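K.L.:
Below is one structure. I have some questions about it.
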Amino acid sequence: MLNVPSQAFPAPGSQQRAASGGRSKVPLKQGRSLMDWIRLTKSGKDLTGLKGRLIEVTEEELTKHNKKDDCWVCIRGLVYNVSPYMEYHPGGEDELMRAAGSDGTDLFDQVHRWVNYESMLKECLVGRMAVKPVAVAKENHAKKLLNGILLKSRVPDLPAKEIPPSYDWFQTESLVTIVIYTKQKDMDSESVIIDCQDGCFRAEIIIKNYSYLLHTELSHEIQEDIAVRVAEKTGKIEIVLKKKDNVSWTYLGHPLENHNSFTAHRETGLYYRKCQLISKVDVTHDTKLYCLMLPPGTHLQVPIGQHVYLKQTVAGTEIVKPYTPVLETLHSYIQETLHSHNKYIYVMIKIYHTGVFTPNFDCLQIGDYVSLSSPEGNFKRSQLQELEELFLLAAGTGFTPMVKILAYALTNITSLRKVKLMFFNKTEGDILWRNQLEQLADKERRFEVEFILSNPTCEWTGKQGKISLPLLSEFVKRNLEDSRILICICGPAPFTEQGIRLLKDLNFSQEEVHSFTAY
Ligand code: FAD
Ligand code: NAD
């Protein structure tokens with residue numbers, strides 16, 4: 001609802017949109033970009049109408065402010081005057097008005113819970129709700145000792161079949177092992193995200209649409225390296241910590257916020273850790289491959305088809321944008337996918353000189369830090385199981401999710417007979433990893449790549465144009481009538497939307513098409 005959902009990307013009036021001829025669903029007026037909003041918030045203008053005073057807002061008062069020019073919205077107990085933001089909202093004024101004079105928390109979480117509204121709207125803060133409109137279960141922050149007894153987790157309303165996990169811990173002279181019993185099949189190390197820093201231990205276990213969290217201030221110091229073992233059949237997870245001093249621990253630690261809780265994933269806030277920029281390498285004239293190093297106490301693997309959010313402060317406002325990690329190179333895919341306990345995350349990012357996030361990101365020097373979230377996304381590896389044919393339709397940086405999917409499929413899916421990538425770009429100079437793709441096609445008989453340019457020079461002898469029925473019907477063809485196929489599509493929103501429509505016209509079922517969209 002707030003900030004810059006990438007649905008509206010390329011932004012109205014941007015060069016990309018003008019060049020692509022895409023139609024904007026919610027056109028923003030000139031001078032109403034995110035950067036313009038940041039400028040307005042820094043101008044010292046009174047955006048709440050309360051001259052900087054913070055008030056307690058009753059429900060009755062909140063409901064009165066329900067018009068465009070007087071619109072208050074409550075998010076997680078805080079009330080904002082969003083009227084000044086109306087014209088800047090990329091999702092449009094009507095979308096914002098859906099929450100006018102009411103609690104917009106659910107609506108906000110449904111659309112984009114990752115957006116950093118606190119920072120974006122801090123100058124619009126009216127105050128706090130006098131009576132909270134939603135009852136939020138508050139964690140008891142009393143410092144209890146965790147003594148190794150199986151603790152019952154704080155459980156929200158769960159569907160009957162979701163059993164909350166439990167945990168236990170034991171120690172040897174030099175190690176402490178935390179054991180989590182998820183009682184779930186098919187758990188793997190991608191489901192375990194650990195951050196251990198400055199004595200705080202945080203482990204998030206992703207179980208279907210839920211998150212189980214252990215969060216504690218450890219009673220003793222540990223070394224940086226952490227080992228994770230997952231028994232896939234029983235769902236038992238072991239996290240092994242190395243003691244700094246070989247002394248006996250009488251308790252594991254003090255519970256911190258939301259310790260031992262099991263919550264619907266979409267209700268948990270995004271957790272960020274600071275990663276160091278290790279290298280940046282040119283991919284094309286405007287796109288680079290950045291290598292980010294996870295902190296030593298972090299265990300995090302980005303599952304294929306999923307993205308992370310990068311966060312940095314631009315002109316005093318926190319800006320968050322999603323990016324889909326890739327591999328270091330296509331050649332290294334076999335080693336990378338097999339040795340997935342990697343400390344490095346590679347992101348391939350196109351720099352838009354007039355954009356908000358990317359020019360700032362590109363200014364980072366080697367050794368600088370950027371905040372990186374835990375992974376998100378709805379692509380499931382199981383979608384590739386027993387697949388016979390895989391079609392990848394990518395446009396521009398929409399290539400990024402295809403990188404790991406392509407590598408994984410070629411390496412792990414034994415039933416796979418064919419992978420075809422149809423890669424749409426404006427010019428030859430825009431094609432990402434062209435050499436690598438051509439080399440892979442030469443080496444790997446199951447893989448084929450076709451480049452289609454929307455703005456080629458007269459020397460280009462390959463395919464031209466944008467996504468269209470003739471192009472797709474020629475390219476996306478089943479080899480056998482009943483072969484198991486998947487078509488992945490990603491690129492600018494109009495490209496993806498049009499592609500989905502065309503594939504439907506070509507009689508591919510919904511299950512056979514996976515589109516990567518903003519949410
Ligand atoms: P923006 O500020 O969004 O601007 C982009 C362009 O629009 C600029 O040319 C700017 O001048 C113009 N513009 C902005 N506002 C206006 C306005 N009001 N009027 C006119 N013009 C305007 N990108 C990658 O490069 N790599 C990835 O791996 C990647 N993964 C993604 C994964 C997901 C799930 C999604 C949704 C997007 C992904 N993106 C990726 C896109 C990325 O999130 C950003 O949208 C992109 O980097 C642009 O960010 P920016 O803030 O620099 O540009
Ligand atoms: P671009 O402007 O360079 O365009 C690349 C190609 O996309 C064009 O050559 C054209 O063939 C096609 N295209 C562009 N506009 C079109 C339109 N209106 N109709 C039909 N086809 C069109 O692309 P870019 O600057 O690299 O942008 C890539 C986009 O992919 C961004 O919008 C980004 O947010 C999105 N993306 C999404 C994800 C995700 O997971 N959801 C991941 C990466 C990138």
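K.L.:
Mind checking whether some residue in the stretch 485-497 is among the polar types (S, T, N, Q) and open to solvent by 20 Å² or more (accessible area, probe 1.4 Å)?
P.N.:
No, that holds for no residue.
K.L.:
Does the stretch 145-167 contain any residue that is modelled with pLDDT of 50 or more, in contact with a strand residue (DSSP E or B) (Cβ under 6 Å, 6 or more places away or on another chain) and of a type in the set (Gly, Ala, Ser)?
P.N.:
Within the stretch 145-167, one or more residues are modelled with pLDDT of 50 or more, in contact with a strand residue (DSSP E or B) (Cβ under 6 Å, 6 or more places away or on another chain) and of a type in the set (Gly, Ala, Ser).
K.L.:
Going residue by residue through the stretch 360-378, is there one that turns out to be within 11 Å of ligand 1 (Cβ to nearest atom), charged (D, E, K, R) and over 17 Å from the mean Cα position of the chain (by Cα)?
P.N.:
Yes, that holds for at least one residue.
K.L.:
What is the residue count in the stretch 260-298 for residues that are small (Gly, Ala, Ser) and either under 16 Å from the mean Cα position of the chain (by Cα) or within 18 Å of PHE357 (Cβ to Cβ) (or both)?
P.N.:
Selection size over the stretch 260-298: 1.
Residue-by-condition table, conditions (1) open to solvent by less than 50 Å² (accessible area, probe 1.4 Å); (2) at pLDDT 90 or above; (3) over 23 Å from ILE38 (Cβ atoms); (4) assigned to a strand (DSSP E or B):
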| site | (1), (2), (3), (4) |
| --- | --- |
| VAL320 | yes, yes, no, yes |
| HIS331 | no, no, yes, no |
| ILE334 | no, no, yes, no |
| THR337 | yes, no, yes, no |
| HIS341 | no, no, yes, no |
| ILE349 | yes, yes, no, yes |
| PRO359 | yes, yes, no, no |
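K.L.:
Same structure again: Residues in the stretch 73-85 that are in contact with a strand residue (DSSP E or B) (Cβ under 7 Å, 6 or more places away or on another chain) and either of a type in the set (Asp, Glu) or not in a strand (DSSP E or B) (or both): how many?
P.N.:
3
K.L.:
If you check SER515, SER483, which single one turns out to be among the small types (Gly, Ala, Ser) and more than 16 Å from MET402 (Cβ to Cβ)?
P.N.:
So the residue among SER515, SER483 that is among the small types (Gly, Ala, Ser) and more than 16 Å from MET402 (Cβ to Cβ) is SER483.
K.L.:
Please return the ranges of strands (runs of 3 or more DSSP E) entirely within the stretch 445-519 where 2 or more residues are touching a strand residue (DSSP E or B) at 6+ places or on another chain (Cβ under 7 Å), modelled with pLDDT under 95 and closer than 20 Å to TRP433 by Cβ.
P.N.:
The strands (runs of 3 or more DSSP E) meeting that bar number zero.
K.L.:
Which residues, counting only those in the stretch 103-121, are open to solvent by 40 Å² or more (accessible area, probe 1.4 Å) and at pLDDT 90 or above?
P.N.:
Passing the criteria: only ASP103.
K.L.:
Oh, and also: If you scan the stretch 167-194, which residues turn out to be within 16 Å of PRO255 (Cβ to Cβ), open to solvent by less than 20 Å² (accessible area, probe 1.4 Å) and not aliphatic (A, V, I, L, M)?
P.N.:
TYR167
K.L.:
Pick out the one residue from ASP482, ASP442, ASP430 that is acidic (Asp, Glu) and either surrounded by 19 or more Cβ atoms within 10 Å (Cβ to Cβ) or within 16 Å of ligand 1 (Cβ to nearest atom) (or both).
P.N.:
Matching residue, one of ASP482, ASP442, ASP430: ASP430.
K.L.:
On to the next question. Residue under question is ASP186, and the condition is that it be at pLDDT below 85 and in a loop (DSSP other than H, G, I, E, B); does it hold?
P.N.:
Yes.
K.L.:
Okay, moving on. Select from the stretch 205-214 the residues that are surrounded by fewer than 21 Cβ atoms within 10 Å (Cβ to Cβ) and either assigned to a loop (DSSP other than H, G, I, E, B) or modelled with pLDDT of 95 or more (or both) and list them in ascending order.
P.N.:
LYS208, ASN209
Conditions tested, residue by residue: (1) within 19 Å of GLN301 (Cβ to Cβ); (2) touching a residue at least 60 places away in the same chain (Cβ under 8 Å); (3) part of a strand (DSSP E or B).
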{"residue": "HIS220", "(1), (2), (3)": "no, no, no"}
{"residue": "GLU224", "(1), (2), (3)": "yes, yes, yes"}
{"residue": "ALA227", "(1), (2), (3)": "yes, no, yes"}
{"residue": "LYS233", "(1), (2), (3)": "no, no, no"}
{"residue": "GLU238", "(1), (2), (3)": "yes, yes, yes"}
{"residue": "ASP245", "(1), (2), (3)": "no, no, no"}
{"residue": "THR250", "(1), (2), (3)": "no, yes, no"}
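K.L.:
Okay, next question. Regarding the stretch 403-413, can at least one residue be identified that is assigned to a loop (DSSP other than H, G, I, E, B) and over 30 Å from GLU328 (Cβ atoms)?
P.N.:
No, the stretch 403-413 contains no residue that is assigned to a loop (DSSP other than H, G, I, E, B) and over 30 Å from GLU328 (Cβ atoms).
K.L.:
Quick check: is even one residue across the stretch 385-399 open to solvent by 10 Å² or more (accessible area, probe 1.4 Å), hydroxyl-bearing (Ser, Thr, Tyr) and either in contact with a strand residue (DSSP E or B) (Cβ under 7 Å, 6 or more places away or on another chain) or within 16 Å of ligand 1 (Cβ to nearest atom) (or both)?
P.N.:
yes
K.L.:
Take the conditions under 22 Å from the mean Cα position of the chain (by Cα), farther than 13 Å from VAL176 by Cα and open to solvent by 40 Å² or more (accessible area, probe 1.4 Å) and apply them to LYS236. Does it pass?
P.N.:
Details: under 22 Å from the mean Cα position of the chain (by Cα): no; farther than 13 Å from VAL176 by Cα: yes; open to solvent by 40 Å² or more (accessible area, probe 1.4 Å): yes.
Taking the combined requirement at face value, the residue does not satisfy it.
K.L.:
Give all pairs with beta carbons closer than 9 Å in which a residue from the stretch 446-460 that is within 16 Å of ligand 2 (Cβ to nearest atom) meets a residue that is assigned to a loop (DSSP other than H, G, I, E, B) and among the small types (Gly, Ala, Ser); count only pairs at least 6 apart in sequence or on separate chains.
P.N.:
That search, which allows pairs on different chains as well, returns GLU450/GLY462; PHE451/GLY462; ILE452/GLY462; ILE452/GLY465; LEU453/GLY462; LEU453/GLY465; SER454/GLY465; PRO456/GLY462.
K.L.:
Does GLY465 satisfy being near ligand 2 (Cβ under 10 Å from one of its atoms) and surrounded by 19 or more Cβ atoms within 10 Å (Cβ to Cβ)?
P.N.:
Details: near ligand 2 (Cβ under 10 Å from one of its atoms): yes; surrounded by 19 or more Cβ atoms within 10 Å (Cβ to Cβ): no.
Here the answer is no, as GLY465 does not meet what is asked.
K.L.:
Keeping to the stretch 47-72, report how many residues are within 21 Å of ASP36 (Cα to Cα), open to solvent by less than 40 Å² (accessible area, probe 1.4 Å) and not in a strand (DSSP E or B).
P.N.:
So the answer is 2.
The values are calculated or read from the model by the stated rules, or taken from the named source; none is laboratory data. In this text, all values refer to a predicted model and were calculated from it rather than measured experimentally. Ideal geometry is used to build each Cβ from the backbone, glycine not excepted, and the neighbour counts take in all protein chains shown. We work out accessible area using only protein heavy atoms, side chains counted, and drop any ligands, DNA or RNA first. Shrake-Rupley method; radii C 1.70, N 1.55, O 1.52, S 1.80 Å.
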